[in-house]
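Below: the structure, in structure tokens.
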Amino acid sequence: MSARPIATTRSAAGMPTPRLAVWWVIASEIVIFGGLLGSYIMHRIAHGEWAEYAANTNTMIGATNTFVLLTSSLFAVLAHQAAERGDGKTAARFLYMTTGGGLVFLTIKAFEWTSEISHGMTITANTFWSFYYTAAGIHALHVIAGMIIMLFVAQTAKRNEDLHRVEIIGIYWHFVDIVWIFLFPLLYIAK
Amino acid sequence: MILNSVLPEASTYAADIDRLFDVITLLVGVPFLIASFLFFSFIFRFKKREGTPAKYITGTEHQYMKWIHRAHVPILLFDVIIVVMAVNVWYDVKQDLPEANSTVRVIAQQWAWTFVHPGPDNVLDTADDIVTINELHVAKDTLYHYKLEALDVLHDFSVPAFRLKQDAIPGRVITGWFEPTLAGEFGIQCAEICGIGHGLMPARLIVEDRAQHAAWIAENSPLSVAAGVEDESASERTRLAAR
Amino acid sequence: MAESIPVEHADGHADHGGHHEMSFSEKYIFPLDHKMIAMQYMFTGMFMAVIGGFFAYAFRMQLAFPGINVPGWGVVTPADYNALVTSHGSIMIFWVAMPVLIAAFGNYLIPLMIGADDMVFPRVNRLSYQIFLLSAIIILASFFVEGGAFGGAWTAYPPLSTKAEYSLTGIGSTMWILAVALEFVAFLLGGINFITTAMNSRAPGMKMWDIPMVVWMIVIASILFMLSVGPLLAGGIMMMFDQQLGTAFFDPDRGGDPILWQHLFWFFGHPEVYVVLLPAVGIVADVMTVFSRKKLFGYKTVLYTAIGTGVLSFTVWAHHQFVAGIDPRMANVFTVTTLLISVPIAEMMFVYIATLYGGSITFKTPMLWALAFIFEFLIGGITGIFLGASGNDIYMHDTYFVLAHFHYTFYPIAIIGTFAGFTHWFPKMFGKMMNDNLGKLHFWLTIIPFNLIFLPLFVLGAAGQHRRIYDYQNFPELSLPWMQDLRQLATISLCVMLGAQLIFFYNVIKSWMSGPAAGKNPWRASTLEWTAASPPPHGNWPEGLPTCYRGPYEYSHPDHEEDYWPQNEPA
């Protein structure tokens, strides 16, 4: 089943099809997160008391996670550069490091949530915490999805096959990173 | 003209809304008839005939395009007329809140209406308030504010004869107004789906002239009922409350 | 046959043209071929349309003859009634109009019309159908769970939809929102495929303005869908959490806001109308040009009006919420934007009528459907003006006038548009001609009852009859004899119309089995799909993919002998 249609190899718009597609994926993701964060911001403006709830978030942990994700994005860039050179092995190694960054991010998040939940700040505590867990949770699912895809891409990149995929997953990973850049100030810093 | 042939106009703004409806009917009806006429005449005129090939028209030629562009002038003009009229009526009914002679509270719940009328003192939330279920009593030519509440889910207070409609939202009190102009009995419907009993929320609206209404208030106020004034309408009220 | 591209297999694999090697399940159950996936969507959509039609029959019978034992359903209880109207609306839009108009026609036509051998991501395409099928199974299964199917209308306004103690359908509500969310995911995947395929995989020589209108429209519709559905997808997750985890996003008692859902819903809901409208408009453009032997009047004008309508559609959503408790000043803004939509839509309708001017029209079945689309949609369009005018909407909101209005838009879109496209491309899809006389009989027995269903409902709406009420006998003002007569007229017309669909299914099966062979190009049309064999084999053009030399609608060109000029014919 690995035959690829000729359609896939064409590029009438002047951009390779996979890259074009990932941009459209990101466009549709932007409106999903846009809708969620827009709803959050509207609530936030209407409810001044949410600042008190937000004070319970741990800015240090949030900042650490931001740093971890940014670092992993750097690895994704390095992986792309290696792929451009045709060095699949190095690209795969950097992809593993990017995945590792995602793993560290999720581990920190797990500890953070455990502590918050044990202090009674659950998803049903109030609507601020509902948004907090929903937004960060959907983002975490994107991190997990990105990590899984990245492991597959690394497998083929190691054999120097389909190196263009390294760039595609990189673009997606940067997007996931940027979503966090929006979440961090909205959920942690604004107090 | 059109709407009041199927439904009486029972409030001050009902006639405005009906006029708006008539104007819109005219302003969209005429273009519709013209477009339909052109459509059907083209269909029959340009039926396939042997030896008459179709014209080659790209649709960029000025001689043809100008007709399309010119058609926009009346359409835009009609749009402006409709917008101005609609906004005027809207302002009157929904944005403006004229001074009231009296206020009633309308409480919607699954699946009944509770109406709270001010008693003889004409002040809401005092001991002489009259509470009825599924029956609203108002006086003709009196300007009312309604305070609309919902206890559980969304409902909608709709009085077709008044041309009035407003959603009720739990946790909020929405204030609006109406002024009845026609005595009689009219229907109230819930116009927002509210569960399996949504079709079972018919309430009655009873508009009486001021003297009759004042008499009804006097007879049904809990204070006068407590004072031993028992009559038909009081037992009627108990029956309604029990329902 | 103009041909410049040799057939090559990207991986040197003998998959293309080698469909004889595929097993039954590879070919029919888990296909990668865009045409087979299109057929899966088409027939799933038609199956769902039959279900949706049956639901309409059940609740219309209850309205015309309150309390009767409806043959095939039984007594329609209030809970049944709500579940039936909710599912009818949801199914007809999400599981009929979208799969048939966008997914079926999009999958079938895009590769064929742009001269490609398949979609760019066949496996994503297959996944999209599988998710869609799963969503369809979930929505149907919700009728059999405890409490029954969700009955809070297709708009699913909270708190009714989020609290089981109010809706009495705890599981049904969650299954509804889950099914809708999965359907959205399926169409996001499909949409990415449509957009990238049309952008990147066009035949050599096919420039922007050489793309057939139906392909353009499906692509624009996919973009509109993609840009509008996100907030509702987020809202759907929030709703599911409210139902199952006990969060309070939409619960006013605990700091939530039920109106927020309405904004999220209609921000998607209004563009959604154009998402399904545009493919139908594109189909009609293709059918009309073929059967009037005319070039489309103002190709770019049609395109710009479609884009203009699409952009405007993002600015009008609150006209569904005039009396919902939003700030009344907002209504003024939304009245203006709503009425502005009349400008591009009117232009589009004018251009279509102008396309007929100077034509040489033959009234084959597809052309009848296309013409009916224009006329019926015109009625749907003008009645929308009544509702967009805020002052009038105070009275009209949630009456049968609204219901009749949007059936006059959705019915031309989803039913008339589909029949136009299906009868037009049937020869290509199955290689056989349909019986034209049966087709015309079916046309008239569908169109006349359709008008007799919904014209009376305009009158009932103007008389103040509200929607979603299962029995009007409880309302003295609404149980007048003439009103009940109109309700019965509508119901009987519906039964006639549903019965007439048997003619269609008979015609399809009969023609498929034993109709006359269609040949490559029975309608003498100039777009690329008609240069492939009927039905096109796997890979579409095994002899080599076509090259494009001109626009799609060069009919009756003065420089050309024949009255059509195929896109792939060198100048």
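The values are calculated or read from the model by the stated rules, or taken from the named source; none is laboratory data. Computed from a predicted structure; not experimentally measured. Ideal geometry is used to build each Cβ from the backbone, glycine not excepted, and the neighbour counts take in all protein chains shown.
Listing for the model above:
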| item | result |
| --- | --- |
| All positions within the range B:11-28 that are under 17 Å from B:P160 (Cβ atoms) and either in contact with a helix residue (DSSP H, G or I) (Cβ under 7 Å, 6 or more places away or on another chain) or at the interface with chain C (Cβ under 9 Å from one of its Cβ atoms) (or both) | B:S11, B:Y13, B:A14, B:D16, B:I17, B:D18, B:L20, B:F21 |
| Which numbered condition A:A92 misses (of (1) under 19 Å from A:I189 (Cβ atoms); (2) in contact (Cβ under 8 Å) with a residue 12 or more places away in the chain) | (1) |
| Scan of the range B:179-191 for residues that are in contact with a His (Cβ under 7 Å, 6 or more places away or on another chain) and at the interface with chain C (Cβ under 7 Å from one of its Cβ atoms), ordered by number | B:Q189, B:A191 |
| Residue in the range A:41-53 that is surrounded by 15 or more Cβ atoms within 10 Å (Cβ to Cβ), at the interface with another protein chain (Cβ under 10 Å from one of its Cβ atoms), on the phi < 0 side of the Ramachandran plot and in a helix (DSSP H, G or I) present | yes |
| Filter result for A:G14 (modelled with pLDDT of 95 or more and either within 14 Å of chain C (Cβ to nearest Cβ) or in contact with a Gly (Cβ under 9 Å, 6 or more places away or on another chain) (or both)) | no |
| Those residues of the range C:238-256 which are facing chain A (nearest Cβ under 7 Å) and surrounded by 19 or more Cβ atoms within 10 Å (Cβ to Cβ), in sequence order | C:M238, C:F241, C:T247, C:A248, C:F249, C:G256 |
| Criterion violated by C:D327 - all others in (1) more than 20 Å from C:I382 (Cα to Cα); (2) at pLDDT 95 or above; (3) not basic (K, R) satisfied | (2) |
| Qualifying residue in the range C:139-150 (condition: within 12 Å of another protein chain (Cβ to nearest Cβ), outside any helix (DSSP H, G or I) and under 30 Å from C:L545 (Cα atoms)) | no |
| Candidates B:A35, B:A15 - the one that is surrounded by 18 or more Cβ atoms within 10 Å (Cβ to Cβ), outside the structural domain of B:L205 (by TED's automatic domain parsing) and at negative phi | B:A35 |
| Answer residue from the range C:67-97, given it is in contact with a strand residue (DSSP E or B) (Cβ under 9 Å, 6 or more places away or on another chain) and within 13 Å of chain B (Cβ to nearest Cβ) and is farthest from C:I416 (Cα to Cα) among those | C:G67 |
| Qualifying residue in the range C:284-297 (condition: under 13 Å from the mean Cα position of the chain (by Cα), surrounded by 24 or more Cβ atoms within 10 Å (Cβ to Cβ), away from chain B (no Cβ under 14 Å) and under 28 Å from C:I93 (Cβ atoms)) | no |
| Given (1) at pLDDT 95 or above; (2) among the hydroxyl-bearing types (S, T, Y); (3) surrounded by fewer than 22 Cβ atoms within 10 Å (Cβ to Cβ), index of the condition C:T301 fails | (1) |
| Subset of the range C:24-38 [crowded, with 19+ Cβ neighbours inside 10 Å and part of a helix (DSSP H, G or I)] | C:H34, C:K35, C:M36, C:I37, C:A38 |
| Out of A:F75, A:F67, A:F33, sole residue that is part of a helix (DSSP H, G or I), at pLDDT 95 or above and within 14 Å of chain C (Cβ to nearest Cβ) | A:F33 |
| Total residues in the range C:529-553, condition under 28 Å from the mean Cα position of the chain (by Cα) and either without any contact (Cβ under 8 Å) to a residue 12 or more places away in the chain or within 14 Å of chain B (Cβ to nearest Cβ) (or both) | 3 |
| Within the range B:118-165, tally of residues that are within 14 Å of chain C (Cβ to nearest Cβ), part of a loop (DSSP other than H, G, I, E, B) and in contact with a helix residue (DSSP H, G or I) (Cβ under 9 Å, 6 or more places away or on another chain) | 5 |
| Test: A:T114 is more than 20 Å from A:T156 (Cβ to Cβ), surrounded by fewer than 21 Cβ atoms within 10 Å (Cβ to Cβ) and of a type in the set (S, T, Y) | yes |
| Test: residue in the range C:388-399 that is within 12 Å of another protein chain (Cβ to nearest Cβ), surrounded by fewer than 23 Cβ atoms within 10 Å (Cβ to Cβ), under 28 Å from C:V333 (Cα atoms) and among the aliphatic types (A, V, I, L, M) | no |
| Qualifying residue in the range B:149-159 (condition: modelled with pLDDT of 95 or more, surrounded by fewer than 23 Cβ atoms within 10 Å (Cβ to Cβ) and within 17 Å of the chain's Cα centre (by Cα)) | no |
| Unmet criterion (only one of (1) surrounded by 24 or more Cβ atoms within 10 Å (Cβ to Cβ); (2) small (G, A, S); (3) farther than 30 Å from B:T25 by Cβ) for C:G431 | (1) |
| Unmet requirement for A:H119, which otherwise passes all of (1) more than 23 Å from the chain's Cα centre (by Cα); (2) crowded, with 18+ Cβ neighbours inside 10 Å | (2) |
| Residue in the range B:118-132 that is under 23 Å from C:H397 (Cα atoms), of a type in the set (G, A, S) and touching a residue at least 12 places away in the same chain (Cβ under 8 Å) present | no |
| Per-region count, the range B:113-152, residues of a type in the set (K, R) and under 16 Å from B:T175 (Cβ atoms) | 1 |
| Residue in the range B:92-114 that is aromatic (F, W, Y) and assigned to a strand (DSSP E or B) present | yes |
| Counted residues, the range C:64-81 - those being closer than 18 Å to B:G195 by Cα and in contact with a helix residue (DSSP H, G or I) (Cβ under 7 Å, 6 or more places away or on another chain) | 3 |
| Selection from the range B:50-106 of residues that are without any contact (Cβ under 8 Å) to a residue 60 or more places away in the chain, more than 9 Å from every other protein chain (Cβ to nearest Cβ) and buried (at least 16 other Cβ atoms within 10 Å of the Cβ) | B:S102, B:T103, B:V104, B:R105 |
| Residue that is farthest from C:R254 (Cα to Cα) [pool: residues in the range B:122-146 that are of a type in the set (D, E, K, R) and surrounded by 16 or more Cβ atoms within 10 Å (Cβ to Cβ)] | B:K140 |
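Per-residue answers, yes or no, for (1) of a type in the set (F, W, Y); (2) within 30 Å of B:G197 (Cα to Cα); (3) under 23 Å from the mean Cα position of the chain (by Cα):
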{"site": "C:A103", "(1), (2), (3)": "no, no, yes"}
{"site": "C:I110", "(1), (2), (3)": "no, no, yes"}
{"site": "C:S135", "(1), (2), (3)": "no, yes, yes"}
{"site": "C:I139", "(1), (2), (3)": "no, yes, yes"}
{"site": "C:T162", "(1), (2), (3)": "no, yes, no"}
{"site": "C:E165", "(1), (2), (3)": "no, yes, no"}
{"site": "C:M175", "(1), (2), (3)": "no, yes, yes"}
{"site": "C:A179", "(1), (2), (3)": "no, yes, yes"}
